[in-house]
Structure formats: C-alpha cells, structure tokens
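Taking it in order: structure first as structure tokens, then the write-up.
The values are calculated or read from the model by the stated rules, or taken from the named source; none is laboratory data. Keep in mind the model is a prediction, meaning the values are calculated, not measured. Every residue, glycine as well, gets a Cβ built from its backbone with ideal geometry; the counts of neighbours run over all protein chains shown. Side chains included, ligands, DNA and RNA excluded: accessible areas come from the protein's heavy atoms. Shrake-Rupley method; radii C 1.70, N 1.55, O 1.52, S 1.80 Å.
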Amino acid sequence: MSHRIIIGLEVHVQLLTKTKLFCGCSTQFGLPPNSATCPVCCGMPGTLPVMNRQAFRLSLEAAVALNCTIAPFTKWDRKNYFYPDLPKNYQISQYDLPFSSNGSLEIETSAGSRTIGIIRAHLEEDAGKMLHDENAGRNDSLVDLNRTGTPLLEIVSQPEMETAEEAKAYLEAIRLLLREIGVSDCEMQEGSLRCDANVNLHVARPDGSFVATPIIEVKNLNTIRGVERALNYEVDRQKVELERNLESGYWQIDASRLGRFRDYTIVPVAERRSDGTLRPVSKATAGWDERIGRTEVQRRKEEASDYRYFPEPDLVPVTVDEALLAQIRQELGELPAAQNARLQSQYGLTAYDAGVLSHQGRAFVAYFEAVANRCGDAKEACNWMINDLLSTLNERKLDIKSCPLLAESLGDMIREIKAIGLNKQRAREVYAEMVETGESVKQVIDRKGFKPVTDDNQLLELVRKAIAANPKAVADFKKGKTKAADAIKGFVMRETKGMANTETVQRLLLEELAKV
Ligand code: ZN
Ligand code: MN
C-alpha cells in the first residue's frame, strides 16, 4: 500500500540578545544555576515586564529573511499552564496576532531544491530548566531559572515535507540563514535551536478518499540527526498502525491540519486496542529516546483552548512601520537562496557546487569570489575549495576567516598550475606546501624544481614507449576494457616523475592506441 509522509516542523531558536525578553538579566549560557534571575523573570507579584527592543528587531530580521508578511500591529498573549520551570504559571507568547506569517524557505536535498511554506513566526519567552537527579541515585528535582524569560523565535512550517531528509535540509537551511544574518547562533547542544516534529501518513483509498494516521508530535529534539532518526522511526511505526486500522471505517475530516493538504486531510478518530475493540484517538505528543532509538507516546496533545490564552495586560501592543522594514531589508544583504542563484548565473556553477559553497556561509562565498576573480576559472576555484581547502580547514578546525592561505595566493596557484600544465597530484603537493610554509606558488615550484614536460614530441615518445612496454594492457584496452589505459598512462607518469600533463598524455595515448 503506497502512503505519503506528511511532516511539519516547529522550531524554537534563541535570539542573540545580551539580556532576556522582558527584564535585564543576562542570557549567557553556562552561568551558575539561578544566578541570572530577578523578580521579573522569577514571576514575583507586582513586577512588570518591559519588552527588549533588540529581541523584537532580531525577530523582525529573521521573519523578513524567511519571506514572511509582517503584521503592522501585533500583541502579546498569556499561554497558561502549570509546570515547576514556569514561575509565573504562564508564558508570554503570541496567539492570534503573531508579528509575522506566510513565509517560505528554500531547501536543498539530493532530489533538488524545493520551497517549504512557513505558517508563522512569533516571539515568546523561554521556560526554565528542570534537572532530574535520578541518575545520581537521588529522587529530588532541581529547577534552574536562568533560561526563564530568554527570547525565543518560534517558526512553524507548513506540514508539507515528505521525507526525513527534507526535514533535515529544512533545519540546516534555517540554521544557515539565522547564523548568516546574526539572529541566533543555533547551537543545538546549548539548546538555542530545538525542534518539535509532527508526522503522519496519508493513503489514497480506491474510492478516491484519503485516510491518515493520527498526527504524532515528537517533542524537544535537540540534534538534526535525532530529528531524522525520530521521523524515520515514527514513519515505520505508523505504517504498521495504518495497516491495522485501515479497515476500521472510523474516519473523519480534521480541519485543523492546515496547508496545501487541507482539501483532503482525513484523520482517523478510532484505533484498535490490543483486545480488538476500538477507542477514539486524537493528536498525541511523543518523546524521542536517543539512546534506545524509539519514540514514546507521552500524552494526548492539548488543544489551544487548554491553554486559556488571553491578551497580556501588562504589555502594550507593538506597531511596525514600512520605513523600519525597508531599512531591515536593506541591511540584511544577500540571503543564501539569492546567493545560490547568483553563483550559478554569474559564475556558471552547477546547482550542486553553488549549494556546497553557499552552505558554508557568506565569508566562504566571498573567499570563493576572490579566488575565482583572481584566477579567472570559477569551476577550478570551486573544485579546489570544495575538495582541498574545506578539508584543510576541517583538519585544522579553522573557519575561512582564519584560513592560512590568502584567496589571492590560491587564485595565483590555480592560474600558475594551469599555465604550466602541472598534473593534479603534483599540484596538490604545491598546495600542501603553500599551506604549510606560507610561500607563494612560484617559490614552491622553484624550490621543488617542478618543471612539467609540456613538449608534445617528448610526450609522444614516452607514450609509444609505454604502449610497447605494456602489451597486455593494450590487448585489454582493445577488448573494450577502457580502464586498461590507466596502466599505460601510469607508465608515462612514472617516467616523467609525475611531471607530464595528464590531459595531453590522455589525448596522445588515445590517438596512438587507435593506430595499434
Ligand atoms: Zn530577570
Ligand atoms: Mn513555543
């Protein structure tokens, strides 16, 4: 039975502000427990919140970069629930009038690029952190309120991703975009990017109607790999559930499932108990256990009414004018999607190459452009950067800004290597020496005495000699084993100590082999 996977992601990112959303406490990570707190974020009676303008500004920047429509008027709401890490017993969030909606984000997967819709992005405060001590053999739980009141941007995607790979690409695209524009560091291990993933399966029935499994929302995933694994696990689990429930006949339309699947979203209201009887179901929340690699259903999901939302009386609504938005648009500069398109049109790169470059961020792209302009060969510049420079940076745990090789030096190297026809293996030696010693390409080539054999006649001699010395390889080649030519080529390369131009040797060899 063929099914369609429907995935939506809700992402919370911590904004890069120095202080919290409604008080002046520090947002620095790793401070001693409860040291970054005050009466406001501890929810003491009589205290009043004051909005952090920088937090609002950063979230506007993110929403504009996500192509969202920005509301000219937005307000705050209280989301009420009880939990020990929430001292006020409500979270200040945005409910019916979020500051932004209707955005989009371009993602890249092995299947190409796709645009994923964004339902909304709103601003809210974070809760504190519970520390459960069972592992230390104790049965108490501790609360750290340092994180309470930290500004969070919640970004809700349309439920329109169809594979775990797309979900992963979506998260990577969000992380790249928000880092590039300086809105969040998106450090998942520090909790500044967290993800809830909701997933279910749709199946077309022969009569043209659709059935679906209940939506499961997997909460608080804090690695991209974890999101991928949890989704794959849930999809497999729901496949089994779907088979089991398909003949029950208890299905109804669920209008709460928005997005482009609105017109045919149908969710079952019943599932079979182990004794074979049916019981009603609704949306459910699950946790992901990274260690054992499975999801665990925790509770049936709350509806909005469970949170008794109402407008926050202690904060004034916020208005946003067109002048501010125009200024933000101008200051944001070139965003990853636009940059990707420009790299393809301006430098003739493939979508793949442009994607790899822009994935590394603006500074890396700027370096690439400097190299490409210096050497005049964008494709070669891109190859060297993707294959060699990236591994150099990874090995030395450096980023492009502290790269040991200047863009100009790499550009000169690529041009020189091409001009004298040095083969790839020797060129890599030159590159490694330049990185190691900081010498120019000319200095390295002189010191190493690399003088490529470029004389066609001399190479032709060697090719003929190689053919004569390798009768078996020649016979194999004639039988259609094209790989056999490599052995003959290797002979020439050894004779010239790797100084022969590979392309010339290849050309001459094919010409000569055709005559044998
Ligand atoms: Zn505070
Ligand atoms: Mn939230």
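Hey, could you check segment 1-21 for residues that are open to solvent by 10 Å² or more (accessible area, probe 1.4 Å) and within 14 Å of ligand 2 (Cβ to nearest atom) and say which is nearest to Glu243 (Cα to Cα)? Talk me through it step by step, then tell me what you get.
In the first step, residues of segment 1-21 are kept if they are open to solvent by 10 Å² or more (accessible area, probe 1.4 Å); the result is 1-5, 10, 12, 14, 16-19.
In the following step, the residues that additionally are within 14 Å of ligand 2 (Cβ to nearest atom) were identified as 10, 12, 14.
Numbers: Glu10: 28, His12: 34, Gln14: 40 Å.
Across segment 1-21, the extreme among qualifying residues is Glu10.
In this structure, does Glu154 turn out to be at pLDDT below 95 and open to solvent by 10 Å² or more (accessible area, probe 1.4 Å)? Before the answer, list the steps.
Working: at pLDDT below 95: no; open to solvent by 10 Å² or more (accessible area, probe 1.4 Å): yes.
For Glu154, the condition - at pLDDT below 95 and open to solvent by 10 Å² or more (accessible area, probe 1.4 Å) - is not met.
Test Glu134 against the stated conditions and say whether it is more than 21 Å from the chain's Cα centre (by Cα) and modelled with pLDDT under 95.
Numbers: more than 21 Å from the chain's Cα centre (by Cα): yes; modelled with pLDDT under 95: yes.
Yes.
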Only one of Val474, Val463 that is under 27 Å from Lys418 (Cβ atoms), part of a helix (DSSP H, G or I) and at pLDDT 85 or above:
Val463
Output the helices (runs of 4 or more DSSP H) that fall wholly within segment 337-409 and possess 2 or more residues being farther than 22 Å from Thr437 by Cα, or say none.
351-359, 362-375, 378-383
Selected residue (criterion: farthest from Ala427 (Cα to Cα)) from residues of segment 490-516 that are open to solvent by 40 Å² or more (accessible area, probe 1.4 Å), in contact with a helix residue (DSSP H, G or I) (Cβ under 9 Å, 6 or more places away or on another chain) and acidic (Asp, Glu)
Glu511
Tell me, yes or no, whether segment 22-40 has at least one residue that is more than 28 Å from Glu228 (Cα to Cα), in the same structural domain as Pro317 (by TED's automatic domain parsing), within 16 Å of ligand 2 (Cβ to nearest atom) and in contact with an Asp or Glu (Cβ under 7 Å, 6 or more places away or on another chain).
yes
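Quick check on my filter: what residues within segment 1-41 are within 16 Å of ligand 1 (Cβ to nearest atom) and closer than 30 Å to Asn200 by Cα?
Kept after step one, since they are within 16 Å of ligand 1 (Cβ to nearest atom), are these residues of segment 1-41: 14-15, 17-29, 31-41.
Gln14 - this is the single residue of segment 1-41 that is within 16 Å of ligand 1 (Cβ to nearest atom) and closer than 30 Å to Asn200 by Cα.
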Considering segment 47-91, residues that are at pLDDT below 95 and open to solvent by 70 Å² or more (accessible area, probe 1.4 Å), and then whichever is farthest from Gly103 (Cα to Cα), we arrive at Pro84
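If you check Arg329 against the conditions, is it at pLDDT below 80 and not hydrophobic (A, V, I, L, M, F, W, C)? Full working, then the answer.
Values: at pLDDT below 80: no; not hydrophobic (A, V, I, L, M, F, W, C): yes.
When the stated conditions are applied, Arg329 does not pass them.
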Some residue of segment 72-95 being more than 16 Å from ligand 2 (Cβ to nearest atom), within 20 Å of the chain's Cα centre (by Cα) and in contact (Cβ under 8 Å) with a residue 24 or more places away in the chain:
no
